[in-house]
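> Dropping a structure here in structure tokens format, bear with me for questions.
The values are calculated or read from the model by the stated rules, or taken from the named source; none is laboratory data. Here the structure is a predicted model, which is why all the values come from computation and not from measurement. As a convention, Cβ positions derive from the backbone with ideal geometry for all residues, glycine included, and neighbour counts pool all protein chains shown.
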Amino acid sequence: MQLFDEDNLSPVRRRTLERLTHAALKLYQENKFPSPEEITREAEYAKVTLRSYFSTHSEFVEYVVKRVIGAFEKPKMTADPEENIARLLSWGYGELFSHEALMRDAMRIAQHRWQTRQEEGSHEGESFLKKSNRREALAEALAPLESQLPPEKVQKLIMLMSVLYGTEALTVLKDTFGMEQEEIVELTTWGAKLMLHQALQEET
């Protein structure tokens, strides 16, 4: 669990947290999955420092992901859903590639949490995926369809397109098929447009 109230941190504690966060991001930019020891060493703090803020390393990673996602500035949406999806995928994959190691580490932790819950027979806890802004971003991009398609069909498009947009798709397309960023954007945009055209055609 998070062991602090971010709105009531002392200046010293806030500076320490910022240094830890920046140290982690620096190491992730070097394509590492940094350990707590590596992060505190990079930030020039004692090993126990991180534990005074978070009870587990995975919670610190989640905090860093939320900070990064919170700083994202999504492209402005238009009245054209096809243009919106193209903009969103181009921008989104740019951000994912910029923070690839961090996002892969978050996905790894989410999978480990799932395994732990299965072993314990527990279904409690929320995954990183549920806390991402993917669903909201796609809903905003497809909002112009609300006057053209029934709500349940718009929701189906959001769910299907979420498979094309995110760290999971990046991992499969890059690692399995050797695709680069521009190729992934082109392919996923093409796939999303196919879905969109099919949904609209079914209504005519």
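> Just a yes or no: is a residue in the stretch 165-178 farther than 21 Å from Ser58 by Cα and in contact with a Ser or Thr (Cβ under 7 Å, 6 or more places away or on another chain)? Outline the logic, then answer.
Keep residues of the stretch 165-178 that are farther than 21 Å from Ser58 by Cα, which gives 165, 169-170, 172-178.
Checking which are in contact with a Ser or Thr (Cβ under 7 Å, 6 or more places away or on another chain) leaves us with 165, 169.
Yes: one or more hits.
> Inside the stretch 1-11, can you point out the residues that are surrounded by 14 or more Cβ atoms within 10 Å (Cβ to Cβ) and either without any contact (Cβ under 8 Å) to a residue 12 or more places away in the chain or part of a helix (DSSP H, G or I) (or both)? Steps first, answer last, please.
We begin by selecting, within the stretch 1-11, every residue surrounded by 14 or more Cβ atoms within 10 Å (Cβ to Cβ); these are 4, 9.
Of everything in the stretch 1-11, just one residue is surrounded by 14 or more Cβ atoms within 10 Å (Cβ to Cβ) and either without any contact (Cβ under 8 Å) to a residue 12 or more places away in the chain or part of a helix (DSSP H, G or I) (or both), namely Leu9.
> Within the stretch 157-185, work out how many residues are free of Cβ contacts under 8 Å to residues at least 12 places away in the same chain and either of a type in the set (A, V, I, L, M) or within 26 Å of Val65 (Cα to Cα) (or both).
So the first thing to find is which residues in the stretch 157-185 are free of Cβ contacts under 8 Å to residues at least 12 places away in the same chain, and the list is 159, 163, 172, 174-180, 182-183.
Retained after the next criterion (residues that are either of a type in the set (A, V, I, L, M) or within 26 Å of Val65 (Cα to Cα) (or both)): 159, 163, 172, 174-176, 178-180, 182-183.
Of the residues in that region, 11 qualify.
> Could you run through the stretch 54-63 and say how many residues are within 12 Å of Ala24 (Cβ to Cβ) and of a type outside the set (D, E, K, R)?
Pass one, the stretch 54-63, residues within 12 Å of Ala24 (Cβ to Cβ): 54, 57, 60-63.
Cutting the leftovers down to of a type outside the set (D, E, K, R) gives us 54, 57, 60-61, 63.
The qualifying residues number 5.
> Looking at Glu30, Glu37, Glu44, Glu82, can you tell me which residue is closer than 29 Å to Leu187 by Cα, modelled with pLDDT of 95 or more, out of contact with any strand residue (DSSP E or B) (no Cβ under 6 Å at 6 or more places or on another chain) and not assigned by TED's automatic domain parsing to the domain that holds Leu194? Give the steps one after another, and end with the answer.
On the way: Glu37 fails: closer than 29 Å to Leu187 by Cα; Glu44 fails: closer than 29 Å to Leu187 by Cα; Glu82 fails: not assigned by TED's automatic domain parsing to the domain that holds Leu194.
Sole residue among the options that is closer than 29 Å to Leu187 by Cα, modelled with pLDDT of 95 or more, out of contact with any strand residue (DSSP E or B) (no Cβ under 6 Å at 6 or more places or on another chain) and not assigned by TED's automatic domain parsing to the domain that holds Leu194: Glu30.
Yes/no per residue for (1) of a type in the set (Asp, Glu); (2) in a loop (DSSP other than H, G, I, E, B); (3) more than 30 Å from Leu138 (Cβ to Cβ):
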residue: Arg13; (1), (2), (3): no, no, yes
residue: Ala24; (1), (2), (3): no, no, no
residue: Thr40; (1), (2), (3): no, no, yes
residue: Tyr45; (1), (2), (3): no, yes, yes
residue: Leu50; (1), (2), (3): no, no, yes
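> Still on this structure, please answer the following. Considering only the stretch 101-187, give the helices (runs of 4 or more DSSP H) lying wholly within it that have at least 2 residues that are over 15 Å from Leu89 (Cα atoms) and modelled with pLDDT of 95 or more.
On the way: elements: 128-131, 134-141, 151-164, 167-171.
Hits in the stretch 101-187: 151-164.
> Taking the stated definitions as given, is Glu59 among the acidic types (Asp, Glu), closer than 30 Å to Ala199 by Cα and modelled with pLDDT under 95? Don't jump to the end; show me each part of the working.
On the way: among the acidic types (Asp, Glu): yes; closer than 30 Å to Ala199 by Cα: no; modelled with pLDDT under 95: yes.
No, not satisfied.
> A further question on this structure: Within the stretch 12-32, can you find the residues that are surrounded by fewer than 20 Cβ atoms within 10 Å (Cβ to Cβ) and either at positive phi or among the hydroxyl-bearing types (Ser, Thr, Tyr) (or both)?
The answer is Thr16, Thr21, Asn31.
> Still on this model: Quick one: which of Ser98, Ser55, Ser35 is touching a His at 6+ places or on another chain (Cβ under 9 Å) and exposed (fewer than 14 other Cβ atoms within 10 Å of the Cβ)? Can you show your working first?
Values: Ser98 fails: touching a His at 6+ places or on another chain (Cβ under 9 Å); Ser55 fails: touching a His at 6+ places or on another chain (Cβ under 9 Å).
Checking each option against the conditions leaves just Ser35.
> So in the stretch 58-93, with the set limited to residues that are over 27 Å from Glu180 (Cα atoms) and small (Gly, Ala, Ser), which one is surrounded by the most Cβ atoms within 10 Å (Cβ to Cβ)?
Filtering first and then ranking leaves Ser58.
> Another one. Considering only the stretch 90-111, how many residues are closer than 12 Å to Leu170 by Cα and over 13 Å from the mean Cα position of the chain (by Cα)?
The number of residues fulfilling the criteria is 0.
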